[in-house]
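Presented below is the structure to which this report refers.
Just so you know, all these numbers are worked out from the coordinates, no wet-lab data involved. Nothing here was measured: the structure is a model prediction, and the numbers come from that model.
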Ligand SMILES: Cc1cc2nc3c(=O)[nH]c(=O)nc-3n(C[C@H](O)[C@H](O)[C@H](O)COP(=O)(O)OP(=O)(O)OC[C@H]3O[C@@H](n4cnc5c(N)ncnc54)[C@H](O)[C@@H]3O)c2cc1C
Ligand code: SF4
């Protein structure tokens, strides 16, 4: 590991000032991703700014919904009575991720900023545009079983790995951020980016910005929601594909559906085609199947991940059926 300086911030403004003045510094949340990247020489910060002492750990109801502090741990968030009762989809998504030990360390802010698990990204002997812009993409013609079927570019076919973020996408969350001039709120759909020509950029944060918290509006599908994750193992395994689904129902008629997919794109993939199809339709398996087919029609598979298209249809139908049953 490259030697680095370790400093601690005591308040958000100080943390932002510390990061802003050093282009090679990084915040430390729970460290469960950053330290792995440093050990593999993928991340090479010369200064680590510990933000663990900032008081950004509250989880509470607000007048419009719910607030998650950026430094609240994933375990605490998933098990919080407010979250279990009102946002069960989020609780399930967090608990489907990683392992108990990792969730005990991982923070909500760090979870959103975890980097792709593309194995070529972690292997510094391989070309990777995300790690070294302009070097090429080893996965494009390589072993791309885990990779994207939506929104990829020839510069990067990686998927974004967070389970928690898939639920936050379906829940229309907003990320609250502070920089050295102001605070801003970023709608979840604009927070993570597609790779385009700049796969080195995972999200819309600029250097120096601190995530302070996540706001989630109230919803009317808590009792009809589901998170389904398909993976190679039951623990310590990232999603091959996942679906967060919530149905706002009037009897068995779907007033509206909120659906997001994980493991399919460089960001949580909001299933807008399926959502549009389901509006005003009866909650039947036939309609769920048609919605899934409509969504997956635009998927573009790579050499080794063609199976994800059929898996996507089946997982979508499964999640919608589970959400309907409640
Ligand atoms: C073996 C293993 C299996 C895993 N499986 C899964 C899985 O199945 N599903 C899943 O979703 N995740 C999984 N994870 C990933 C895990 O959820 C993340 O590593 C964790 O959520 C990252 O949170 P952290 O607080 O430890 O982040 P850190 O490692 O501390 O930070 C990550 C990044 O965010 C930055 N950062 C942290 N906090 C802030 C902030 N407040 N503002 C601005 N920048 C910040 C850091 O500088 C760093 O760049 C797995 C991890 C491991 C090691
Ligand atoms: S898919 Fe993206 S992260 Fe993986 S090798 Fe290609 S550029 Fe790198």
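Quick notes on this one:
- Over 30 Å [Cα-Cα, the chain], rounded percent: 33
- Between the C-alpha center of region 123-147 and that of region 255-314 there is a gap of 27 Å.
- Region 107-122 versus region 1-55: alpha-carbon centroid distance in Å: 15
- Taken over the alpha carbons of region 224-322 as equal point scatterers, the Debye sum produces base-10 log I(q)/I(0) values at 0.13, 0.20, 0.21 Å⁻¹ of -0.41, -0.93, -1.01.
- Per-residue ellipticity at 222 nm computed for the chain from its helices equals -8000 deg cm²/dmol, with DSSP H segments shorter than 4 residues left out and the rest contributing -39,500 (n - 2.57).
- Percent of Cα pairs exceeding the 25 Å cut-off, where the set is region 1-158: 44
- Compared with the rule-of-thumb size 2.2 N^0.38 Å for a compact globular protein, region 170-224 has a Cα radius of gyration ratio of 1.34.
- Angle between the chain longest axis and helix 307-325 axis [Cα atoms, degrees, rounded to 10]: 70
- A viscosity of 1.306 mPa s and a temperature of 10 °C, combined with the Kirkwood radius over C-alpha pairs in the Stokes-Einstein formula, give region 5-50 a diffusion coefficient of 147 µm²/s.
- In the elastic network of the chain, a GNM with C-alpha springs shorter than 10 Å, the most mobile of 74, 108, 180 is 180.
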